[in-house]
Amino acid sequence: MKGTSYVARQPDEQGIIHYSEEENRIWSELLARQMSWLPGRACDQYLEGLRKLNLPADRIPQLAEVDAVLEQATGWRTAQVPALISFQHFFELLADKQFPVATFIRSREEFDYLQEPDIFHEIFGHCPLLTNPAFAHFTHTYGKLGLAASPKERVFLARLYWFTVEFGLVQTEQGLRIYGGGILSSPGETRYALSDEPERVTMSVLDALRTPYRIDIMQPIYYVLNHLDDLFDIAELDLMSLVKQAQELGLHEPKFPPKQKVS
Ligand SMILES: [Fe+2]
């Protein structure tokens, strides 16, 4: 994995992280901009979680504030981690209902897009849905399976996570909505994902496990759930035997051009 120049901020003895004015301003601007795109695009369960979290508009929230809401809703909490963590650590945390949050925020130069998940992505993108029982259960199950999986199996499992938790769409009575945190924390992809441009197909776990993705482009394909509660059913499937099938069948043809090598 590529390195990062971001460093997670450390709390003081009282557990409080003191962000600079500029860091709080970046949070505030990201939040205001993204809130304007959510109506009619984000799914109701996400918006409900956002209401419960009641995130501050003028400063980066402290993790304890978020934890108080998550613990009451689903027994989840956040875990403060460095900017990048290993797969092993990631799965250990999820298996223990802890959602890793790196306590740094993107710089102004990377305001629109950055590859490392920052605190805006983790809290604004993912934490609202961690108040939802189906999403929370699926994420917990994924953590437990990933912890027990081999490195090769983990690579397959990661694709399912990508096409659900990060980039999932869901069909609702009001129309197509977004639940993936990778989309909901990105203004560009929030509009693009529901536009005519990308391909959208009904969720097939086996196909999602076999679909290659790139982290540095808008997704050419999204998988759509019929209902957010389908995440409960997916968690109850024998996912590891589906991973085995996916390994035997191999990957689908990528729908994106190969990444240009930087020389
Ligand atoms: Fe994420």
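The values are calculated or read from the model by the stated rules, or taken from the named source; none is laboratory data. Because the structure is a prediction, the values reported are computed rather than measured. So basically every Cβ, Gly included, is an ideal-geometry build from the backbone, and we count neighbours across all protein chains shown.
Of note:
- Residues satisfying the stated conditions in segment 107-122, i.e. in contact with a Leu (Cβ under 7 Å, 6 or more places away or on another chain) and either modelled with pLDDT of 95 or more or more than 21 Å from M218 (Cα to Cα) (or both): F120
- Selected residue (criterion: nearest to the ligand (Cβ to nearest atom)) from residues of segment 170-186 that are over 15 Å from F135 (Cβ atoms) and surrounded by fewer than 18 Cβ atoms within 10 Å (Cβ to Cβ): L176
- Within segment 233-248, residues that are within 11 Å of F138 (Cα to Cα) and touching a residue at least 12 places away in the same chain (Cβ under 8 Å) have Cβ atoms under 6 Å from residues that are among the hydroxyl-bearing types (S, T, Y) and in a helix (DSSP H, G or I) in these pairs: A235/T141, counting only partners at least 6 apart in sequence or on another chain.
- Counting only strands (runs of 3 or more DSSP E) that fall entirely inside segment 167-242 and contain at least 1 residues that are aromatic (F, W, Y), the qualifying elements are 221-225.
- Scanning segment 15-59 for residues being assigned to a loop (DSSP other than H, G, I, E, B), among the charged types (D, E, K, R) and either closer than 24 Å to G175 by Cα or in contact with a Phe, Trp or Tyr (Cβ under 7 Å, 6 or more places away or on another chain) (or both) gives a total of 2.
- The set of residues from segment 74-87 being surrounded by fewer than 16 Cβ atoms within 10 Å (Cβ to Cβ) and either at pLDDT 95 or above or under 19 Å from I16 (Cβ atoms) (or both) comprises G75, P82.
- For segment 181-225, the candidate set comprises residues that are closer than 19 Å to V155 by Cα and among the acidic types (D, E); within that set, the residue that is nearest to the chain's Cα centre (by Cα) is D216.
- Residues that are buried (at least 22 other Cβ atoms within 10 Å of the Cβ) and within 12 Å of the ligand (Cβ to nearest atom) occur in segment 130-141; there is at least one.
- Residue match in segment 228-245 (condition: surrounded by fewer than 16 Cβ atoms within 10 Å (Cβ to Cβ), of a type in the set (S, T, N, Q) and over 16 Å from the mean Cα position of the chain (by Cα)): yes
- Evaluation of S186 against the conditions (1) among the polar types (S, T, N, Q); (2) modelled with pLDDT under 95; (3) closer than 18 Å to A95 by Cα shows that the sole unmet condition is (3).
- Out of E48, E23, E65, one residue alone is under 23 Å from A136 (Cα atoms) and in contact (Cβ under 8 Å) with a residue 40 or more places away in the chain. It is E48.
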